[in-house]
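Student: The structure is given below, and queries will be raised subsequently.
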Amino acid sequence: MIRVLIVDDSLFIRTILRDMLKGSPDIEIVGTAVNGIDALAKISELKPDVITLDIEMPRMGGLEVLEALQGESVKPKVIVLSTLTSRQADMTHRALRLGADDFMLKPRDVPKVRGIERELIQKIKNLVSLPTIIKTRETRQKSADAAVLIGSSAGGPPMLDTLLSALPPDLPAAVVVTQHMPEGFTASLAERLNRVSPLPVKETTNGDTLETGTVLVSKAGYHTVISGIYAAGGRNHGRVIHSTAPPLHAVRPAVDKTFTSAANVFGPRTVSVILSGMGNDGGEGTLAVKTAGGTTMVCAEEDCLVYGMARSALTRNSVDKVVPLEGLAREIVRAVNRLEVNHG
């Protein structure tokens, strides 16, 4: 059993979270706390494995709780719950720097709050099952000859934990993750993923080169467009261009923009994967990868919170494989290794 303490000054949120989590047979709610002072006392008394932590609370907020826990040798894993504001985005990033292990965005209305149940449960399970990887050194990477493209939206972040943590550190390709997320929060997502992935992970900056064995997370507020760089031997490499073109499918970054532009650069040396997500984003991009001779996959429906994005690709007959989440990393490695043999 995973022992969970809920920390939030809102009775409504405490009640909702309790109702969500008590339905999981693997989770036990050991208590609730109404502010940071209450939380520290109950952490000491109840010894929870995981706490969900609100950032802004009266008397003592979440950041002060994290500061107080820094000196403790034994402390719970922490999921910070954040509202969708730029101020909270900055505070969430600071919370991760202070030792929070993960974060989750609070939806604005009741139906959507109820909809995060599966994602929250999976995040809690990931915290106690996935190791934190300490990267002792950074090695200079070379420009990538192949690209692995991952697209996701609602329900995607905990799936990214599982997928990226299973990729090998010597993957001979660059990885680009495009996750629908509000502006300001993709830096925190990249920092979180960097802790569980053997590959270094960072948020994109304009002009980044796609390098082997690295992961780039598309910066929210911009489309991540992959531009070609001609290299010796006639093989293209890729560079990130941040585009402020209008949103596509009402989102920016859009998966279709990244998939389509990368397929134009890498052609048959492109591997695309769609995880959980609502809407149609990713369908046209998957078709572009398939048309360019690349390899296309989507995650199996039973592992996804929402199956709109994957279904959009499937309805275009552009998907090579439908793969369970636990098998995606293995299939990506196989696909990239085939590229090394066939196009090396």
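Student: Please go through segment 150-164 and give me each residue that is within 18 Å of I124 (Cα to Cα) and either out of contact with any Asp or Glu (no Cβ under 6 Å at 6 or more places or on another chain) or buried (at least 24 other Cβ atoms within 10 Å of the Cβ) (or both), ordered by number. Quick ask: steps written out before the conclusion?
Tutor: From segment 150-164, those within 18 Å of I124 (Cα to Cα) are 154-164; that's our starting set.
Result: A154, G156, P157, P158, M159, L160, D161, T162, L163, L164.
Student: Can you tell me how many residues within segment 165-192 are part of a helix (DSSP H, G or I), out of contact with any Lys or Arg (no Cβ under 8 Å at 6 or more places or on another chain) and crowded, with 24+ Cβ neighbours inside 10 Å?
Tutor: Residues meeting the conditions: 2.
Student: Which residue pairs have Cβ atoms closer than 6 Å, lie 6 or more positions apart in sequence or on different chains, and pair a first residue in segment 74-103 that is in a strand (DSSP E or B) with a second residue that is buried (at least 22 other Cβ atoms within 10 Å of the Cβ) and small (G, A, S)?
Tutor: Filtered contacts from segment 74-103: V78/A100; V80/A95; V80/A100; F103/S82; F103/S188.
Student: Might you let me know whether segment 101-124 holds any residue that is in contact with a helix residue (DSSP H, G or I) (Cβ under 7 Å, 6 or more places away or on another chain), at pLDDT 95 or above, of a type in the set (K, R) and buried (at least 17 other Cβ atoms within 10 Å of the Cβ)?
Tutor: Yes, segment 101-124 contains a residue that is in contact with a helix residue (DSSP H, G or I) (Cβ under 7 Å, 6 or more places away or on another chain), at pLDDT 95 or above, of a type in the set (K, R) and buried (at least 17 other Cβ atoms within 10 Å of the Cβ).
Student: Looking at this structure, is Q179 outside the structural domain of I274 (by TED's automatic domain parsing) and either on the phi < 0 side of the Ramachandran plot or touching a Leu at 6+ places or on another chain (Cβ under 7 Å) (or both)? Walk me through how you get there before you give the answer.
Tutor: On the way: outside the structural domain of I274 (by TED's automatic domain parsing): no; either on the phi < 0 side of the Ramachandran plot or touching a Leu at 6+ places or on another chain (Cβ under 7 Å) (or both): yes.
It is false that Q179 is outside the structural domain of I274 (by TED's automatic domain parsing) and either on the phi < 0 side of the Ramachandran plot or touching a Leu at 6+ places or on another chain (Cβ under 7 Å) (or both).
Student: Has segment 305-317 got any residue that is part of a loop (DSSP other than H, G, I, E, B), touching a helix residue (DSSP H, G or I) at 6+ places or on another chain (Cβ under 8 Å) and in contact (Cβ under 8 Å) with a residue 60 or more places away in the chain? Working first, answer last.
Tutor: Narrowing segment 305-317 to residues part of a loop (DSSP other than H, G, I, E, B): 305-306, 315-317.
With touching a helix residue (DSSP H, G or I) at 6+ places or on another chain (Cβ under 8 Å) added as a condition, the list becomes 305, 315-316.
Applying the additional criterion that residues be in contact (Cβ under 8 Å) with a residue 60 or more places away in the chain yields 305.
Yes.
Student: Given the conditions (1) over 15 Å from L149 (Cβ atoms); (2) buried (at least 18 other Cβ atoms within 10 Å of the Cβ); (3) in contact with a strand residue (DSSP E or B) (Cβ under 6 Å, 6 or more places away or on another chain), report the number of the one that T209 does not fulfil.
Tutor: (2)
Student: Tally up the residues in segment 26-55 that are within 24 Å of the chain's Cα centre (by Cα) and either within 21 Å of S86 (Cα to Cα) or surrounded by 15 or more Cβ atoms within 10 Å (Cβ to Cβ) (or both), please.
Tutor: Summing the residues that are within 24 Å of the chain's Cα centre (by Cα) and either within 21 Å of S86 (Cα to Cα) or surrounded by 15 or more Cβ atoms within 10 Å (Cβ to Cβ) (or both) in segment 26-55 gives 8.
Student: Select from segment 269-301 the residues that are more than 19 Å from P158 (Cα to Cα) and part of a strand (DSSP E or B) and list them in ascending order.
Tutor: Within segment 269-301, T270, V271, T295, T296 qualify.
Student: Then there's this: Would you pick out the residues in segment 193-223 that are free of Cβ contacts under 8 Å to residues at least 60 places away in the same chain and assigned to a loop (DSSP other than H, G, I, E, B)? Talk me through it step by step, then tell me what you get.
Tutor: Step one: of segment 193-223, the residues free of Cβ contacts under 8 Å to residues at least 60 places away in the same chain are 193-194, 199, 201-208, 215-223.
Passing the criteria: L199, T204, T205, N206, G207, D208, S218, K219, A220, G221, Y222.
Matching residues to (1) of a type in the set (D, E); (2) surrounded by fewer than 20 Cβ atoms within 10 Å (Cβ to Cβ); (3) more than 26 Å from I121 (Cα to Cα):
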position	(1), (2), (3)
N264	no, yes, yes
I274	no, no, no
K290	no, no, yes
E301	yes, yes, no
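Student: While we're looking at this one, here's another question. Here are the criteria: (1) in contact with a Ser or Thr (Cβ under 8 Å, 6 or more places away or on another chain); (2) crowded, with 22+ Cβ neighbours inside 10 Å. Tell me which single one R14 does not satisfy.
Tutor: (2)
Student: Mind listing whichever residues of segment 69-93 are farther than 17 Å from P182 by Cβ and either crowded, with 16+ Cβ neighbours inside 10 Å or in contact with a Leu (Cβ under 6 Å, 6 or more places away or on another chain) (or both)? Walk me through it before giving the result.
Tutor: In the first step, residues of segment 69-93 are kept if they are farther than 17 Å from P182 by Cβ; the result is 69-79.
Result: L69, K75, P76, K77, V78, I79.
The values are calculated or read from the model by the stated rules, or taken from the named source; none is laboratory data. Bear in mind the structure is a predicted one, so any value in this text is a computation, not a measurement. Glycine gets a Cβ as well: all are built from the backbone with ideal geometry, and neighbour counts include every protein chain shown.
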